[in-house]
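The values are calculated or read from the model by the stated rules, or taken from the named source; none is laboratory data. This one's a predicted model, so the numbers in the text were calculated from it and none came from an experiment. Cβ placement follows ideal geometry from the backbone for every residue including glycine, while neighbour counts extend to all protein chains displayed. Accessible surface areas use protein heavy atoms only, side chains included; no ligands, DNA or RNA. Shrake-Rupley method; radii C 1.70, N 1.55, O 1.52, S 1.80 Å.
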Amino acid sequence: MVFLFRGRGRRRRTTTTTTTTTRFETLNDFATTLSVPESCNSKVAEFLLLQKQFWFYCWLFCSVNLFLLLLLLLLSSSLSFLLSENKGASFEDEASFFFVRSCSQATEFLGIKRYLTTCRAVILSEFGGPDVLRVREDVALPELGASEVLVRTHAVGVNPLDLRMRGGYGCSLFKPLLPLVIGRDVSGEVTRVGKSVQHLHIGEQVFGALHPTATRGTYSDYAILHEEQLTHKPDNISHTEAAAIPFAALTAWRALRSTAQIKKGERILVMGGGGAVGLTAIQLAKSTECYVACTCGKRSMELVKEAGAMEVIDYTTPNIDLQFTNRFDVVLDTIGLPETEAAGIRLLQAGGHYLTLQGETVTLADRYGLVAGGAAAAAVLLKKKIRYKQHYGIDYWWTIMRTDAEALDEIARLTKDGRLKVPVGHTLPLEEAAEAHRVREGKKAHGKVVLEVK
């Protein structure tokens, strides 16, 4: 190979003195034209020629790698932008998901970060009727915490709590934070994860719910939740169907599974079984193999029977506690009126549990302030617990939804198996959140109202 280079090199030098242009068939031909001093002997000329060829190929190698690196940087930056903005479609197959995730990791390795800072959201700037809800395009997104997940919202459930918050419920906590984003349920796609998140990844479809006291809700193009507040969405339901489930199901789970710790064969009464919490409570009790009875309106009777209620009584029936032949181990009161509480207490057998979703903590805190109201609520609860324990031998509870990762995973499993569902009665786009609240308040939808985000 060395002699070949020498021969070509010598011929090129003799011809270049008589011609002004030369065609090179290969890069090697060009490398051999690099000149060496005429005064050098053949050994030195050969060494210098090989040295110059070596440096030429080094330059060529570095140039090609630099070009590939710049191409990778451009590709990674583009994909990072798409992932953070999430303007692309969801990833339908494993190969494309793996490719996008790999490029995202490459982007992080190369130090390229391009994140969203604002998004569209429904803002509550003052308490009042549905008209106080306003859509804004430039609502700031908080920094993502280490254990938090940024979800591109596909659908949001409208809960009774949303309507009550809009009207001033919880003002002792939320008024100083106005304007704020309301909403608790969400179903969507993961677009960013904090550095401590282990079980969720970019591109995965998830659903979940925020705690009732969360200060930034889900009526938004993008929602931020902690990892334990989300789980993978079952493939056999849509985002709209998924958004109707988590907050209601976790509320029912907290009451029946966590507090009352229901067991197989126990008798459960759900007062107000036609709502989302009531329906999920019926289905959770049925999945535990309990006997389930409920009260509801006439138009919900068939629905609660399909959910698994074995005994159904119209809630407008006088002396409703006399309509049941046997007493119950657990009564879940989703209505919370004085008359439903009195009836529920009478329907319990000794050692039973009465659970109401309408505790007085928030109401008293709004009236007297967080400190004085909280103390007053604790006194009221303690008084009732002692009275009902002494007179009826039962346990009395105020129950609210709590974040529970294991419960959410079980809810997702029951949903996937077809044993838990919440019917969707009405859907509207996010920008019509005010109208969705009117529909919910007017009880025009026979099922959950859901906002869809396009």
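In the complete set of protein chains, residue-level accessible area for Arg120 is approximately 40 Å², probe 1.4 angstrom.
Between Glu143 and Ala372, the distance separating the two model label sites (each 7 Å from Cα on the Cα→Cβ line) works out to 3.8 nm. Stretched out straight at 0.36 nm per residue, the stretch from Asp131 to Met310 would grow longer than its current Cα-Cα span by 60.3 nm.
The stretch between His211 and Phe56, if pulled fully straight at 0.36 nm per residue, gains 49.3 nm over its current Cα-Cα span.
By how many nm would the segment from Asn236 to Asn326 lengthen if fully extended, with 0.36 nm per residue of separation less the alpha-carbon distance? If you can, show how the numbers build up before the last one.
On the way: separation 90, 0.36 × 90 = 32.40 nm, distance 3.88 nm.
Once the chain is fully extended between Asn236 and Asn326, it gains 28.5 nm.
I want to make sure I understand the PRE zone here: with the label point 7 angstrom from the Cα of Arg164 toward its beta carbon, which residues in segment 289-304 have backbone N atoms less than 15 Å away? The answer is none, because no backbone nitrogen lies closer than 15 Å to the label point.
Provide, in order from the shortest bin, the percent of all Cα-Cα pairs of segment 269-396 in each 10 Å bin, continuing until the bin that contains the maximum pair distance. The distribution over segment 269-396 is 13, 40, 31, 14, 2, given as percents.
Protection proxy ranking, highest mean first, for peptides 410-418, 183-191, 287-295: 183-191, 287-295, 410-418, where packing is the per-residue count of other beta-carbon atoms within 10 Å, averaged.
Each label point was placed 7 Å from the Cα along the Cα-to-Cβ direction; for Ser63 and Leu337 their separation is 8.6 nm. Dipole magnitude for segment 333-429: computed about the Cα centre from +1 point charges on Lys and Arg Cβ and -1 point charges on Asp and Glu Cβ, it is near 240 debye.
The heavy atoms of Met301 offer some 50 square angstrom of accessible surface to a 1.4 angstrom probe. Ligands, DNA and RNA left out, the accessible area of segment 334-454 computed with a 1.4 Å probe is 55% carbon and sulfur.
Prolate is the label for segment 184-334, because the ratio a/c of its alpha-carbon gyration tensor axes (a ≥ b ≥ c) is 1.5 or higher and a/b is greater than b/c.
Per residue, how much accessible surface does segment 314-454 expose to a 1.4 Å probe? Answer in Å², no decimals. Walk me through the intermediate numbers first.
Working: 7460 Å² over 141 residues.
Result: 53 Å² of accessible area for each residue.
Figure legend: label point modelled 7 angstrom from the Cα of His199 along Cα→Cβ; residues of segment 380-424 with amide N under 16 Å from it are 403-416. Accessible surface calculations at 1.4 Å, restricted to protein heavy atoms, place segment 196-240 at 35 Å² per residue.
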